[in-house]
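The values are calculated or read from the model by the stated rules, or taken from the named source; none is laboratory data. Since we're looking at a predicted model, the values are computed, not measured. Using ideal geometry, Cβ is built from the backbone for each residue, glycine included, and neighbour counts are taken over all protein chains shown. Ligands, DNA and RNA are excluded from the accessible area calculation, which covers all protein heavy atoms including side chains. Shrake-Rupley method; radii C 1.70, N 1.55, O 1.52, S 1.80 Å.
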Amino acid sequence: MSFKSLIQDMRGELGSISRKGFDVRFGYGRSRSQRVVQDTCVVPVDAFKQSCWANMPPELLRDVLMRIENSEDSWPSRKNVVSCAGVCRNWREIVKEIVKVPEVSSKLTFPISLKQPGPRGSLVQCYIMRNRSNQTYYLYLGLNQAASNDDGKFLLAAKRFRRPTCTDYIISLNCDDVSRGSNTYIGKLRSNFLGTKFTVYDAQPTNPGAQVTRTRSTRLLSLKQVSPRIPSGNYPVAHISYELNVLGSRGPRRMQCVMDAIPASAVQPGGTAPTQTELVHSNLDNFPSFSFFRSKSIRTESLPSSGPSSAAQKEGLLVLKNKAPRWHEQLQCWCLNFNGRVTVASVKNFQLVAAPENGPAGPEHENVILQFGKVGKDVFTMDYQYPISAFQAFTICLSSFDTKIACE
């Protein structure tokens, strides 16, 4: 049997074992707005034990899995990589070693990829669908250039909740269960009353020194966990502020994002950003792909206010600011070069670049890290790259949807 036939045979057998699980969990055969993206796949143990792949030599198994990972480089075919990771513990460990982080591979494979920095030197092209009726927003990975007609890969969902003094955007991996009590809850975005200042919270710590905020929304996950009743906290990872337009002058919004978990040196050549490696699931019966770092500390710590940080607090942190547009005399409007990714003029459109710490800006400060813009009535493109993650990019874009009378 040739090596190619061997791989095809294994794919066919894996597909027959877990096809039903993939149809349900990856949403194939369902409408785009109903898709649920999970990386857990249930494989009948008895069926796999009877398979000829159960006792494959480790060297051969690694070679086969590497070829599958290299050949299935885009969705939906990349589901085969997730299928291999869900077969058994041995296969899972090998796949975890083979699949590289988005910074290196430029691929989003497992949910943990949404919390890891994007690729260097290239933008991950995504788009956001807005549902006005239920105040829900869906993030998809674009599979072709036609974003408005793209049958993309579902990534994240967010639902807007209006409070008496603020607005919350709850973010989940499950588009059918967007709530703070969901097992797929991964974070939230909270605004002040005016919608001019926002704080991004992660449900898991981004680094060992992360501080947690205890609020009424802090959730205790279900009892079935690695250790009993590990609390899920609110770890601030970014602060977003929009400049007030007191004089009412015409022009685009001016915004600034302080990334609490990313050092300013990350945009420099050779710079690095924190990369989460573990994702804690509350259900041990499901396979957690690449889990998030879990802090042993569950103390209640005081947080910096969501307002502008002091110079000392900002020192050393990455600060993103919107790129200044230019006035187009013929069109009589403010313009930015989105390279064809934005087609509708809107005050929500923006491009973010790194603000220089001290001294003049270098070439790295002209590099667009995140761009967001309108292409249809309820369709928006979102492109991001290193050092921010898809989760961080999504929350920053969500802040642009709020009406900001004082800023326009």
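Observations
- Which listed residue is closer than 29 Å to Ile262 by Cα, under 17 Å from the mean Cα position of the chain (by Cα) and in a loop (DSSP other than H, G, I, E, B), from Leu108, Leu155, Leu139, Leu114: Leu108
- Residue within the range 78-95 that is in a loop (DSSP other than H, G, I, E, B), of a type in the set (Phe, Trp, Tyr) and touching a helix residue (DSSP H, G or I) at 6+ places or on another chain (Cβ under 7 Å) present: no
- Residue match in the range 164-175 (condition: of a type in the set (D, E, K, R) and open to solvent by 20 Å² or more (accessible area, probe 1.4 Å)): no
- Any chance Gln116 is under 21 Å from Asn367 (Cβ atoms) and either outside the structural domain of Met66 (by the TED database) or open to solvent by less than 50 Å² (accessible area, probe 1.4 Å) (or both): yes
- Residue match in the range 97-114 (condition: closer than 21 Å to Thr206 by Cβ and without any contact (Cβ under 8 Å) to a residue 12 or more places away in the chain): yes
- Pairs meeting the criteria (first residue in the range 329-346 and more than 14 Å from Thr381 (Cα to Cα), second residue in a loop (DSSP other than H, G, I, E, B) and small (Gly, Ala, Ser), beta carbons under 8 Å, at least 6 apart or on different chains) are Cys333/Ala345; Trp334/Gly251.
- Of all residues in the range 163-178, those that are without any contact (Cβ under 8 Å) to a residue 60 or more places away in the chain have Cβ atoms under 6 Å from Cβ atoms of residues that are among the charged types (D, E, K, R) and open to solvent by less than 10 Å² (accessible area, probe 1.4 Å), 6 or more apart or on another chain, in Asp168/Lys188; Ile170/Lys188.
- Matching option when the condition is modelled with pLDDT of 90 or more and more than 30 Å from Arg130 (Cα to Cα), among Leu352, Leu317, Leu303: Leu317
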